[in-house]
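The values are calculated or read from the model by the stated rules, or taken from the named source; none is laboratory data. Nothing here was measured: the structure is a model prediction, and the numbers come from that model. Every residue, glycine among them, receives a Cβ derived from its backbone with ideal geometry; neighbour counts consider all protein chains shown. Heads up: the accessible areas ignore ligands, DNA and RNA and are worked out on the full protein's heavy atoms, side chains in. Shrake-Rupley method; radii C 1.70, N 1.55, O 1.52, S 1.80 Å.
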Amino acid sequence: MNDKTLGSIDKGLVPANYLSLANDARQERDKQIKVLLEKRKLPLEGWSEPMVEYFVQELALLDSNNFPSRCGVGEREARVVCDLVRRRHYNFAHGVGRSGNLTAAQPKAAGSTIMANLTNCLVLDLIRTIGVPNCKKAIVMPLATGMTVMLSLRAVHCKRPQSRYVLWSRVDQQSCFKSILAAGLEPIVIDSLIATDVDSNGPKFATNLATFQAKIEELGKEQICCILSTTSCFAPRNSDDIIALGDLCLRNGIPHIVNNAYGLQSSHLLHQINQAVRIGRVDVFVQSTDKNLLVPVGGAIVAGCFDGAVVDAIAALYPGRASESQSLDVLMTLLTLGYTGYRQLLEQRNALHKVLLDGMTEIAAKFGELVLPGRNTISIALSLRTFSQTSGCGLEMIGSMLQKRGVSGCRVVNAGQSKSIEGYLFEGWGAHSSLSNVPYLTASAALGVQRSEIDTFLTKLPEVLEKFRSKYLADD
């Protein structure tokens, strides 16, 4: 109701002073919305659930499928037969974008268009505020990280049609590698350097800058579509030296795409990106919405720094309309958290990472193992050297035993394994390098983790290791 409608309510229905109080509250809600739409900034404090729903429902009423006088005779009229589905999507059904561009406005869906564009503004504000002030543009993609990296590669290749190669710093996650193949480009896999002083402390990874430079000289810079680097990954691998790679890209006029899958939750990684932008070149960095914003899987944020136009080019490559679900999830989450709420999540994660690191260091000492070195601020790797000589049982059993006890997310890697992906052979798969031969397991203190989960894991891990050792290593 607006002021005109409320002003027409007869005193016989409600006393005027009561109505005045109610109208003041309505005006306060509308003022919050007005400020949000004008400033397009993440609110400092989070909104209440009723306030978020009120705003979302008001936006949905601006879409044609919710008009009282609706008369749809087109082939796509946002008809939803299941009421559960309709309510799940808060009456949004037109999607976002149009056939030619993901960020284009829809004539039938003013509310969906506002929702999607506002979400992009809030995401950009968040990225700038928490660590990358040089970010020029950011949009929510209705695709997960791997597919978004693929579209980013295609957009960059459109500007460099003569190129065919992607210089890729190896990280043993299939989605990143397969995104290169899906983009129709040829990956040049560059193994990480392993420090020459490898000793009982385990492998120490470093970006092989010399090989990157050598490949540029060998292949010719005009033949290279881009360098694809990685910040966030499973320990013991660290972030690539994206500052040095950014400088290399700037000096050679080569685009730079960064896979920042769950890096928004790390101030260290965001600082690296911002420094790479400041002194070098970062065209695009991509991050997952589910890992960084705690929403269901299916979306990613693509952000541009070197030239905001590349983000527009990525949006223009997306064929057809897209689901509004990812943008709606992100919008509702950000409004619920506000900047203060998100900052609290970051601080909690940082504190729990130290708890996890200290706990895993104690467990390592108890079993004659080590926490592998490196500056991975999210994931932690524990060596399993003394567990590798088993009798008829692989180290993967440790992961299964933890899973059976309700502990999910641990990654157990046995040394010496290989894997073939689309004809490309990776020696030492899981170790992030063909030169590493240390078996290990990982655990992460990722955004949203609770102290109770860390404590439970630190209790169950030694129990599992003890049982595994007594059962499978009894004769060694």
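Answer yes or no as to whether ASP358 is free of Cβ contacts under 8 Å to residues at least 60 places away in the same chain and in contact with a Pro (Cβ under 8 Å, 6 or more places away or on another chain). Let's see the steps before the verdict.
Numbers: free of Cβ contacts under 8 Å to residues at least 60 places away in the same chain: yes; in contact with a Pro (Cβ under 8 Å, 6 or more places away or on another chain): no.
No: the conditions fail for ASP358.
What's the total number of residues in segment 409-468 that are under 22 Å from PRO187 (Cβ atoms), of a type in the set (Ser, Thr, Tyr) and open to solvent by less than 20 Å² (accessible area, probe 1.4 Å)?
2
Yes or no, residue by residue, for (1) under 21 Å from SER379 (Cβ atoms); (2) touching a strand residue (DSSP E or B) at 6+ places or on another chain (Cβ under 7 Å); (3) of a type outside the set (Phe, Trp, Tyr):
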residue	(1), (2), (3)
LEU250	no, no, yes
ILE254	no, yes, yes
VAL258	yes, yes, yes
LEU264	yes, yes, yes
SER267	yes, no, yes
HIS271	yes, no, yes
SER288	yes, yes, yes
VAL297	yes, no, yes
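Output the number of the condition that ILE33 fails; it satisfies all remaining conditions of (1) part of a helix (DSSP H, G or I); (2) open to solvent by 30 Å² or more (accessible area, probe 1.4 Å); (3) free of Cβ contacts under 8 Å to residues at least 40 places away in the same chain.
Result: ILE33 fails condition (2) only.
Just to be sure before I move on: is SER169 touching a Phe, Trp or Tyr at 6+ places or on another chain (Cβ under 9 Å), farther than 30 Å from LEU219 by Cα and of a type in the set (S, T, N, Q) in the structure I sent?
no
When you scan segment 11-23, do you find a residue that is surrounded by 10 or more Cβ atoms within 10 Å (Cβ to Cβ), in contact with a Leu (Cβ under 8 Å, 6 or more places away or on another chain), free of Cβ contacts under 8 Å to residues at least 60 places away in the same chain and among the polar types (S, T, N, Q), even just one?
Among the residues of segment 11-23, at least one is surrounded by 10 or more Cβ atoms within 10 Å (Cβ to Cβ), in contact with a Leu (Cβ under 8 Å, 6 or more places away or on another chain), free of Cβ contacts under 8 Å to residues at least 60 places away in the same chain and among the polar types (S, T, N, Q), which makes the answer yes.
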